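Please treat every number below as a calculation from the coordinates, not as lab data. These figures come from a predicted structure and were not determined experimentally. Cβ atoms come from the backbone with ideal geometry, glycine included; neighbour counts cover every protein chain shown.
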Amino acid sequence: MVAMVSFGSGQEEAGGVGGGGGRPAREMVPAMFVFGDSLIDNGNNNDLPSFAKANYFPYGIDFSDGPTGRFSNGYTMVDQIAELLGLPLLPAYSEASGEQILHGVNYASAAAGILDITGRNFVGRIPFDQQIRNFQSTLDQLTNNLSADEVSRAIRRCIFFVGMGSNDYLNNYLMPNYPTRSQYNGEQFATLLVQRYALQLTRLYNLGARKFVISGIGQMGCIPSILAQSPTGACSQEVNLLVQPFNANVKTMMNNLSANLPASTFTYVDVAHMFSDIAANARSYGFSVVNRGCCGIGRNRGQITCLPFQTPCTNRDEYIFWDAFHPTEKVNIIMARKAFSGDQSFISPMNIEQLANLAIEIN
C-alpha cells in the first residue's frame, strides 16, 4: 500500500479540511493517538449501552458531518491539533479500520476515568486501561502490514495526547453514590489517581510512545453544571481547589517519568490557566456569555445537559460553554492553538509544534 509510507515518514501531502483553518502542506508527525474523556471523545461511545452519548442533534450543529459523538457544537481540541499537525481528523477507534488508522486513532470515551470504576452511573464507557489495550490492538493491526521495526520507529515520532482525570472527580469523587469521598481526602485522592496514571503512561511508553502531551484538568468549579448548584451562581472555589493537587502531582509525575524513561518527552497543557485567561479576557476573545451553556436546561443551562433536538443558542461563538460540561468549538480551537504554538504559560516545557519537530534518539 502506498499510503503506508505516510505512517512511516509523516511526509504525505495534506489537503485542506473544514473547521478551524487549513492544514499545513505536509504532516509534521506520522500520526497522533488520543486518549481521554468526553472533552475529546469523537464517537467511541456511540454504540455502547451508555447514557454518555452525543451522537444526536444539536451536537455537531456546526460540524461538517453533523452529530458524530463529539460533545461540542463542532471541533474538539484534538481535531484542531490534528489539523495544525497536517493530519486528517482522526477516526474513533470504534469505527477505524484499514488505512484509516495510518494517521492515528482517537480512543477517548465519555465518562471514562483513570480509575476503572469511574463513570459507572453512565453504564458503558471505556476507561483509560481499556483505551490502552485498544491502542495495543491498533499496533497489532499496523504490524500486520508493516515490519515491527518500521512501526516501532514511526511510533517514536508520533504524538500521544492524553487528557484524563476530570471524570474521576465529576463522576466519582463528587458523586454522592460513590464511597470515594469518605475514603480519601483531596490530597490522598490526587495521590491515588496520579500513582495509577504514572503506571498507565509507562505502559504506553513500553508500547513505544515517546512524545507525550498531557492535558491537565480545567477550572472545574466554573462549569455550568457546578455553577447551577451554587445559590449565588459563582464558581465553586471548593471544587477548583479540590483538583489543584491533581494538576500539581501530574507535573511532578511527568518530571519523574521524563527522568526515568529514556528518550521520553512529556509536555503539560495547562488547561486551567487557558480557561482563566479566556474567562478574564472574554470580551477580547469575542465572548459575551461566560457562565451558562449554549444548550441545556435549568439554572445556568447546567442542571440538565443538552437534550436531543433541543434548540441551542444561535450566537454560539459568543459562548464559552456549549453544554453543562463542555466548551464550544470556538474555545476548543483557541485552546488547541495555544497548546500547539503557545508560550510556556500555557504549555510547558515545550509546545506541540516544538514537540513534533523534536528529534527522538533511538536506543
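Using only alpha carbons, build the gyration tensor for the stretch 263-363 and give me the equivalent ellipsoid semi-axes, biggest first, whole Å. Intermediate results must be reported in sequence, preceding the final value.
Details: eigenvalues 222, 43, 23 Å².
For the stretch 263-363, the ellipsoid semi-axes come out as 33, 15, 11 Å.
Return the loop-located chymotrypsin sites (Phe, Trp or Tyr not before Pro) in the stretch 276-363 (DSSP other than H, G, I, E, B) with at most 11 other Cβ atoms within 10 Å of their own Cβ; answer none if there are none.
Numbers: sites: 285, 287, 309, 319, 321, 322, 325, 340, 346; in loops: 287, 309, 322, 325, 346.
Of the chymotrypsin sites (Phe, Trp or Tyr not before Pro), the ones in loops of the stretch 276-363 whose Cβ has at most 11 other Cβ atoms within 10 Å are 309.
Name the residue from 115, 212, 314 whose Cα lies farthest towards the positive end of the charge dipole of the chain, charges +1 on Cβ of Lys and Arg and -1 on Cβ of Asp and Glu.
115
Could you work out [θ]222 nm for the chain from helices alone, using -39500 (n - 2.57) per DSSP H run of at least four and dividing by all its residues? Round to the nearest 500 deg cm²/dmol. List each step's numbers first, then the result.
Values: 12 runs with 128 residues, N = 363.
It lands at -10500 deg cm²/dmol.
Among 258, 182, which comes first, then next, by fewest other beta-carbon atoms within 10 Å?
Details: 258 16, 182 7.
Ordered from fewest to most neighbouring Cβ atoms within 10 Å, 258, 182 come out as 182, 258.
Less than 15 Å Cβ to Cβ from residue 242, Lys/Arg counted +1 and Asp/Glu -1: what total charge do the surrounding residues give? Present the calculation step by step, with values, prior to reporting the outcome.
Details: positive: 181; negative: 168, 187, 238.
Taking every other residue near residue 242 into account, the sum is -2.
In the chain, which cysteines lack any other cysteine Cβ under 4.7 Å from their own?
For the chain, the answer is 158, because their Cβ atoms have no other cysteine Cβ under 4.7 Å.
Below 8 Å between Cα atoms, with a sequence gap of 6+, how large is the relative contact order for the stretch 207-304 in percent? Walk me through the numbers on the way to the answer.
Values: 123 pairs, mean separation 39.2, N = 98.
Reported as a whole number, the value is 40 percent.
DSSP beta bridges in the chain, what fraction antiparallel, as a percent rounded to 5?
On the way: 8 of 28 bridges.
Roughly 30 percent of the beta bridges in the chain run antiparallel, per DSSP.
Straight distance only, please: which lysines reach the Cα of residue 211 with their own Cα at less than 26 Å, same-chain residues fewer than 8 apart left out?
By straight Cα distance, residue 211 reaches 251, 338.
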